[in-house]
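Working notes, beginning with the structure itself.
FYI, it's all coordinate maths here, none of it is from the lab. Please read all numbers here as calculations on a predicted model, not as lab measurements. All Cβ positions, glycine included, derive from the backbone under ideal geometry; neighbour counts span all protein chains shown.
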Amino acid sequence: MAAAVVTLYDAEESLTALLDTQDLVTPDQEQAFLADFEVALTTATDKRDRVAGRLAKLEAQQAFATAEIKRLQEFKRVKEAEQARLEGYVSYVIQRMGKDAKDKYRKLEGNSSTLFLRACAASVDVTNEGDVPLDFKRATVTMSAALWVDVLHALEDTDIPLSYMTDLSVDKKAVKATIEAGIDVAGAKLITDKYNVGRK
């Protein structure tokens, strides 16, 4: 029985179909897909630009997505700033109204909504990181994986050529727990009078 002849048109159509369905290929179908793709790509000698064109299109789509993400991130940043500024104005007005007999800030009631202040959870404000004791700091050390293994195997070997970067940061959770226990921590304080605007 004579082998089927693959025409240039058939090869082109198959290649287009393969490119359009590549995302639908499951792992167990991949070998069959690759075999068909190889035949189509090596047979359609004058139309291999289709693959190059598809790659160029994908790159362009990624570039567009990157630009769009950047645009949306900037849009989000602007709207967050607008919201923060407006909430700051509302907070100012409510605080100017003073507190009621229950020592709570008064609410601004509209026809269908209510604006009010709600207390934020206590948070740590690092006023001077240099003054914060080491007991309240965490160190992140970056070094090569091979050197890290050497360190683990020979912690007492002072001849190991340690080459690393250290990043110290304040452990605010530990600072908060300590201050709440009644112990002062140098270089930090607890913020307990912060509010944000709520609405319902």
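Side notes on the structure shown:
- The Cα atoms of segment 53-106 give a gyration tensor whose axes a ≥ b ≥ c have a/c of 1.5 or more with a/b greater than b/c, which makes the shape prolate.
- Residues of segment 112-145 with amide N under 13 Å of a point placed 7 Å along Cα→Cβ from ASP100: 115-117
- Within-9-Å neighbourhood charge of SER113 [Cβ basis; K, R +1; D, E -1]: +1
- Ascending count of other beta-carbon atoms within 10 Å, so fewest first, for ASP135, ASP28: ASP28, ASP135
- Each of TYR105, TYR92, TYR195 was scored by other Cβ atoms within 10 Å of its Cβ. Arranged with the fewest first, they read TYR92, TYR195, TYR105.
- Residues ALA32 and LYS57, FRET efficiency given R0 of 35 Å [Cβ-Cβ distance, rounded to 0.05]: 0.90
- Order of PHE136, PHE64, PHE116 - criterion: other Cβ atoms within 10 Å of each residue's Cβ, fewest first: PHE64, PHE116, PHE136
- Straightening the chain between SER112 and LEU134 buys 2.7 nm, computed as 0.36 nm per residue apart minus the Cα-Cα spacing.
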